[in-house]
Each structure stands twice: as C-alpha cells, then as structure tokens.
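Right, one structure below, let's go through it.
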Amino acid sequence: MTYLIDRRLQSKNKSAVNRERFLRRYKEQVQKAVEHAVKGRSIREIAGGEKISIPARDLNEPGFGHARGGVWETISPGNKEFIKGDKIARPQGGGGRGQGKAGNSDERTEDDFVFELSREEFMNYFFEDLELPNMVKKQLASTVEFRPQRAGYTVSGTPTNIHVLRSLRGALARRIAVGAGPAAALHEAEQELERLQLILADEDSAVITARSRVAALKSRINAIPFIDPFDLRYSNRIKVPKPSSQCVMFCLMDVSGSMDQQKKDIAKRFFILLYLFLAKVYEKIDLVFIRHHTAASEVDEHEFFNSRESGGTVVSSALHMLGKVLTERYSSDWNVYVAQASDGDNWDKDSIACRQLLTESIMPLVQYYAYVEITEGEPQNLWYEYLGVAQAHSHFAMQKIESPADIFPVFRELFKKQAK
C-alpha cells in the first residue's frame, strides 16, 4: 500500500492538510466557539479572524495503552527495613501540581485548547447555514476573468509541470514494447545453450557461439534506458472564461427625523452584515445605496453609512428611485435583491402608494425583498400595508428589530436556507 504525505505549509509553518483535518473533525465544537465569539464583537469587526478556544474535554479521544500486569519483583538499593514477602503500605496523599490550598474535588482540570481561525475560515463558519433565498441564476455571464483548467498532457513544457506518474507509465510501456523481442530471443538462446552444454564440451565452438549470443542479447536488453526524454509528459493547462453569477443588491434606508441615532446605527449594522454576506456568496456584485426622507437620493457607500439628514418621511420616493435605477441599468440577466430598513413611520396615504408600487411594479422584477422595521413598540402603518405585499408575494419577507441583539437572529431568519 502506498501512502502519500502532503507537507504543504501555510503561513507560520502550519500544515494545511492537518489544519483542514482538525477543522473537519471538530466542526461542531468550532461552530459553537464561533457563535460564542460573534456575541462578543461588533459587526464592523466581523470581517477579521478570531482566536477561539475549545474545552479540552471535547478533544479527548479513546486510545490504547499498555497496563503493567503480571508479577513483578524489584530490588531497591539501600533497603534496611523490608525483606522479601513484606507488604508495603500504600502511601497517604500525593504530590500536588500546584500551589495553594487543596480543593475537595477529585476532578482534574486542563486548560482549553486555543487556536486562531483565519478570516476566511471564520466567515465560512459564520455564513455556513445562510444563503440568499430563491436564488435563481438566470444566466452565467461571461466575464474578462479566466481560470486555468486541466486539458490533458503535452510532450513539452517546464520541469515544474512534469507529470511523474504519466511519464513513468509511458516509460514502462516503452521498455516492455522495445524489450519484448530481445527478451523472447534471449529465452530461446538460453534454452539452446543449456541443451548444447549437456551434449558438448565447454570449449566446443557451438557452445562458445551460443554463449556469445546470450551475452549479446542481455547487453541489448540492459541498454534500454529506464526513462527517455520521449517518455516525459507535462500537465497541460488552458485558460477558460470564468463564469460568475450577476447580482445587484439595493439597500434602502430611512434617514428621516423619526429615525434617531440608535435606529440608524442598527440599520447600518444590518447593512454591513448584509454586505459581508453578499461578498461571500457572489463573485460579481453590484450594490446600490438609496437614502430617503421626503426625497430619495442614490449615494455612495461612505455617505450611505455616515452622512446625517433630517426631515419628514416619504418612503415611496425611495421605491420610485429603485424602479428607475432597476429599469435603466439592469436587464433581466441580473438577480435582483432588495433590503429596506425603516422605523415604519410614514405618511398614511404614502404607505398605500408603497404597497401598490411594490405589488404592481417592483416585486415581479426581483428575486427577494427583505424589509426590517426598527421599532421597540407596536408596528407602524407601513408594516400593516406591507403585510398585504407579503401575502401576495412569497418572496417578500419582513421582520422586526427592537435592539442590536436582534440583528443576528433577524438576519438569519431572513436569509436562512430554505427546505428543498
């Protein structure tokens, strides 16, 4: 049996294979440690790695040991008190491994096993059970990016691309093919030599000729090279277009006077988490940020999260801009997702207009629409109008957020994996 040992190293001389094996074996413990670590950090810090600890008791594995059985006789030098056959009393107590007062428990404790997850590993575990619902990849668009792909073997290339197994296989086939004829002739010559040696003397000319022929055939076989440049094969790789799913995510946020700083901060955290999630799921993403009070405006990411405004609330202005940007810039080849954050406080007649806009114009064009209402009390008028949209369209989801602690549960509820 052949064993292949992969000794490729990551940074700081860490074995990539051993690390992957460890994470697979203790996946459940690592997942729990990641969830515990997430509770103690802000969403803005979630993109980095994390040092996590696993209790030592969870790492214990059964193993075999050698017990000291049978009858043993020992000789202790300098013994003046005991002779053979005496029974030695068991020593009282034992040597402690620490300082201070002893406890009343026999249980031994060990330090937890602490190791550091990279950013990629941390994000993998955090987003493991999440996905964008109703993901419909309408078309895999060709991009200018390319990826290498294996395409058989070639007879020329660089030494680093030599395929050892294929080269040795070709060399073996060549040696068998080239040496088959001489090997058969050698077998016949050796049989002829044995027959002549039985009836003739060693000095006879026929025996000398037969012996010379055997030696010549052996030299011919030994001259066949073990490997020849003709046998070398190189791994061939070609570049093929790298397909990527196209996704556009519209982020709508209310920045009116009714949205105090705490509510704005909760909305910002929700969108930051959503942005990290999209970067994990898609390779090609377009993000559109739309802020609104009485009027809506499309802004960049920095202004979306940092600028301050005040005033009344007309939510339909943001929906009108959403429809305009969607029809002007994005064709039917794009997967469209919308996330809206608001406190729900809106002009009554405008809430009815929002429901009509969503039902008639926007929902047929999007794959998923998530609405989060940030309020500590009863839902506002916009919430009740949106209930009608949720009943008419299964890909419209809505949740309430009362405090920063609700951000993660709500996000997971909105973007959890759906049963197939």
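The values are calculated or read from the model by the stated rules, or taken from the named source; none is laboratory data. The model shown is predicted, which means the values in this text are computed figures rather than measured ones. So basically every Cβ, Gly included, is an ideal-geometry build from the backbone, and we count neighbours across all protein chains shown.
Taking the listed residues L165, L198, the one that is more than 57 Å from the chain's Cα centre (by Cα), exposed (fewer than 14 other Cβ atoms within 10 Å of the Cβ) and either at pLDDT 90 or above or among the aliphatic types (A, V, I, L, M) (or both) is L198, with no other qualifying. Would you point out the residue of region 213-222, among those that are surrounded by 12 or more Cβ atoms within 10 Å (Cβ to Cβ) and either not assigned by TED's automatic domain parsing to the domain that holds I176 or not aliphatic (A, V, I, L, M) (or both), that is nearest to R174 (Cα to Cα)? Across region 213-222, the extreme among qualifying residues is R220. Consider only pairs whose beta carbons are under 7 Å apart and that are at least six residues apart or on different chains; among these, list those whose first residue lies in region 361-388 and is under 14 Å from L326 (Cα atoms) and whose second residue is part of a loop (DSSP other than H, G, I, E, B) and aromatic (F, W, Y). No pair meets every condition.
For region 286-303, taking the residues that are crowded, with 17+ Cβ neighbours inside 10 Å and out of contact with any Lys or Arg (no Cβ under 9 Å at 6 or more places or on another chain), the one that is nearest to S317 (Cα to Cα) is identified as A296. Applying a threshold of 7 Å to beta carbon distances and a minimum spacing of six or more residues, or different chains, the list of pairs starting in region 395-406 at a residue that is more than 19 Å from I272 (Cβ to Cβ) and ending at one that is modelled with pLDDT under 85 and aliphatic (A, V, I, L, M) reads A397/L414.
Selection of region 168-195 for residues being loosely packed, with under 13 Cβ neighbours inside 10 Å and either under 30 Å from G152 (Cα atoms) or touching an Asp or Glu at 6+ places or on another chain (Cβ under 6 Å) (or both) yields A173, I176, A177, A180.
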